[in-house]
Amino acid sequence: MTLVPILDVAAMRRGFDRASAHYEQYAVVQARAREELLARLSLLSFQPRYVLDLGCGTGLGTVELQKRFKKSRVIALDSASQMLSQTHARGSFWKPMSCVLADAHRLPLKSGSVDLVFSNFLMPFSPNSDALMREVRRILSPRGYWTFTALGPDTLKELRAAFVSVGREPSIHPLFDMHDVGDALVRAGFADPVMDVDRYALTYPSLTALHQDLKGMGAQSALAIRAKGLLGRRTLARLEAHYARYGADADGKLRASCELIYGQAWCPGSEPPIRSRRSETVIPLTALKLKR
């Protein structure tokens with residue numbers, strides 16, 4: 001199965017740009033996933049020369065990667081200019097951020113030039129996960145390592161069920177089973193993929209509060225075939241009533257499930273690549289024209 005959801009990429013970028021200033025206030029699950037990914041890096045036995053924070057968001061992960069790998073060149077990359085501006089602002093005169101504004105599916109990096117790719121919550125917003133995997137595989141050095149998170153199909157299952165109950169198509173990104181993600185990694189040429197899953201449940205006083213959280217983290221629907229316009233007041237009331245039937249806890253709060261997938265995979269090979277500073281294509285953020 002090819003992992004190709006139909007997503008409006010421009011709409012996603014606009015959503016993340018709008019959310020950039022207050023993203024961290026809402027991104028609770030993303031923060032938990034980032035902490036877990038960083039903790040797992042302590043198991044690595046090699047010192048990477050080049051590290052890529054792919055889909056860096058506001059740069060909290062980039063900062064932690066710099067602390068962990070002090071001898072490495074850490075590069076932050078994102079396609080949302082305002083998110084990348086937040087990352088760039090975390091740098092200083094003495095230690096500026098190496099920031100790149102680019103599409104993760106067309107990376108301006110030399111093949112075999114990166115030893116470690118770290119990507120938290122990028123894959124759920126990829127319009128073509130197979131293409132993303134192939135591109136990460138291309139830039140990784142022999143025995144390079146990719147660690148990432150994705151979302152499984154049980155994520156927001158209560159909301160999906162409520163939409164179906166009121167006769168509406170769920171405007172939620174298509175998500176994939178961790179076994180399908182593992183198979184896609186093998187197709188892309190990765191070795192020894194390891195997948196595991198954690199499940200969380202957040203609670204909200206109302207459907208409006210849930211929507212506000214999703215909007216606050218830039219995760220509102222970006223389906224290219226999404227229905228235009230807002231739900232009517234009557235449909236919204238029916239939707240909330242059905243949601244309460246499927247996903248309310250003992251206190252009457254609405255439960256929102258999250259199936260969080262962790263993935264790790266190695267690039268085959270044993271010989272380190274030959275690199276030189278002259279061959280790098282990293283672009284300073286200050287040299288880019290950022291557009292909202």
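The values are calculated or read from the model by the stated rules, or taken from the named source; none is laboratory data. Keep in mind the model is a prediction, meaning the values are calculated, not measured. Don't worry about glycine lacking a Cβ; one is built from the backbone with ideal geometry, like all the others, and counts go over all protein chains shown.
Taking the range 221-235 as the range and being over 30 Å from Asn120 (Cβ atoms), modelled with pLDDT under 75 and not in a loop (DSSP other than H, G, I, E, B) as the test, the residues that pass are Arg233, Thr235. If you filter the range 11-37 down to residues that are over 13 Å from Gly218 (Cβ atoms), of a type in the set (A, V, I, L, M) and surrounded by fewer than 18 Cβ atoms within 10 Å (Cβ to Cβ), you find that the one that is modelled with the lowest pLDDT is Val28. Note on the range 78-121: residues that are surrounded by fewer than 18 Cβ atoms within 10 Å (Cβ to Cβ), among the hydroxyl-bearing types (Ser, Thr, Tyr) and under 23 Å from Val136 (Cβ atoms) amount to 1. Among the residues making up the range 157-170, a single one is of a type in the set (Asp, Glu) and either within 23 Å of Ala39 (Cβ to Cβ) or part of a helix (DSSP H, G or I) (or both): Glu158.
Before we move on, is Val166 at pLDDT 95 or above and either over 13 Å from the mean Cα position of the chain (by Cα) or buried (at least 21 other Cβ atoms within 10 Å of the Cβ) (or both)? No, not satisfied.
Evaluate the following for Ala191: is it modelled with pLDDT of 85 or more, farther than 17 Å from Arg245 by Cα and surrounded by fewer than 20 Cβ atoms within 10 Å (Cβ to Cβ)? Criteria met by Ala191. If the condition is being among the polar types (S, T, N, Q) and part of a helix (DSSP H, G or I), then the range 33-49 contributes only Ser42. Would you check which residues across the range 171-220 are in contact with a Cys (Cβ under 8 Å, 6 or more places away or on another chain) and assigned to a strand (DSSP E or B) and list them? Correct list: Ala191, Arg199, Tyr200, Ala201, Leu202.
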